[in-house]
Amino acid sequence: MSFKTLESQDFLVSADSITAPAWSNYTPELAVMYTSSTQVAGTSGQYFLNIYNLDPSDPTAEVQFNIAYGNKFGSGSQPYNATYQNLSPTRTVYGQWRNLIYGDENTDFVFGTTTPFQQHFYALTIDRARYKQSLFPGSLNLTLFSASLELNLTDNSAVTTTISYCDAGRVFQIVSGSNGTPIATNNGYTAASGSYGLFLPDIGTIILNAAALDLSFANGGINLGTGLTPTSYNPAKLYSTGSGRIGLTTGSYTSSMFLNSQETITSDFVFCRARNAEFNYTENPSFISGSTGAVLYDLFVNNPTTYITTVGMYNDSNELLAVAKLSKPLKKDFTKEALIRVKLDF
């Protein structure tokens, strides 16, 4: 074993961005979606639904995302206590996302820069197992349909020159368009209710503007008809009932969601150099006489040859931190130099 001190120029740090489909089995499009009928009909169905890639009765079914409905005034679900009608799960959902996104319990949601405050929304949260670090801006393509008309939504990251940030990280507007580019009309916004929502890639969340979806198709919506009574079951409306749909196919009109995840992998490259005069002799005791200490083979005196098989990384305390194995032994003598690149991923 031989040692060599590494120098500053022997180190290089590199960061690579890796994208992959967000859905189970690396599927780029989630075109067929399922819910649990038990959950839909239950109390939690008033404000929350899990969306699966297969029938929930299938043991291999996995949650892909969930739909939560939030309302500032607590409408749309049964109150926790009949004495306090405004305290309900939908109000909790609204406050939870308001605190997470804005960090202020007194701030209301604004979709776009010039729109009025909105009192309710739908939060589509991508299951944490579907992505490692964040969602990939520009990859969102969400198709909703109303009767025989389709509404295609995306984030506006492709045309955003200055990225906006909130307490939840980067934030983009959801607009009418595709692949991160809005349509020309109103920059993809609705005339009456601003953008269609917020795309929050760093926390894997899509906030949909309920007021925009409730508009008629002529005005940019899907006639969703969000209700304010406990029996409205708004998440199910967005999923499959009423006029607007995410998870139901009718004729040639198919809802779907394309979405990719993104991960930045930081790699440390260490360049280990074996120059012509280095690492040519071995410390293998089988080459040394046990009685005299002399080299047993004359060839190893004037023309030594070794084979490099392993590179170990040690700290200043001589503690082994990492090991790199070569795919095959590397021949080394006075006529050869070697440069071994070691890649450490974190």
Problem - Gly45 being at pLDDT 90 or above and either in a loop (DSSP other than H, G, I, E, B) or touching a Pro at 6+ places or on another chain (Cβ under 8 Å) (or both) - result: yes
Completion exercise
Conditions (1) part of a strand (DSSP E or B); (2) open to solvent by less than 20 Å² (accessible area, probe 1.4 Å); (3) at pLDDT 90 or above; (4) farther than 21 Å from Pro21 by Cβ -> Leu153 fails only (4)
Fill in the blank from the handout: Those residues of region 157-178 that are assigned to a strand (DSSP E or B) and either small (Gly, Ala, Ser) or surrounded by 14 or more Cβ atoms within 10 Å (Cβ to Cβ) (or both) come to a total of 12
Completion exercise
Taking region 220-234 and keeping residues buried (at least 21 other Cβ atoms within 10 Å of the Cβ), among the β-branched types (Val, Ile, Thr) and at pLDDT 90 or above leaves Thr226
Exercise for the section: Test Thr264 against the stated conditions and say whether it is exposed (fewer than 13 other Cβ atoms within 10 Å of the Cβ) and within 23 Å of Ser14 (Cβ to Cβ). Expected result: yes
Exercise for the section: Give the residue that is most open to solvent (accessible area, probe 1.4 Å), with candidates limited to residues of region 71-106 that are of a type outside the set (Lys, Arg), closer than 15 Å to Gln46 by Cα and in a helix (DSSP H, G or I). Expected result: Thr92
Problem - Residue match in region 4-19 (condition: assigned to a loop (DSSP other than H, G, I, E, B) and over 30 Å from Asp316 (Cα atoms)) - result: no
Practice task
Name the strands (runs of 3 or more DSSP E) wholly inside region 279-346 in which the number of residues that are exposed (fewer than 12 other Cβ atoms within 10 Å of the Cβ) and among the hydrophobic types (A, V, I, L, M, F, W, C) is 2 or more.
Solution key: 320-332
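The values are calculated or read from the model by the stated rules, or taken from the named source; none is laboratory data. Because the structure is predicted, anything quoted here is derived from the model rather than measured. When we count neighbours, we look across all protein chains shown, and the Cβ atoms used for this are built from the backbone with ideal geometry, even at glycine. Just the protein is used for accessible areas: all its heavy atoms, side chains included, with ligands, DNA and RNA removed. Shrake-Rupley method; radii C 1.70, N 1.55, O 1.52, S 1.80 Å.
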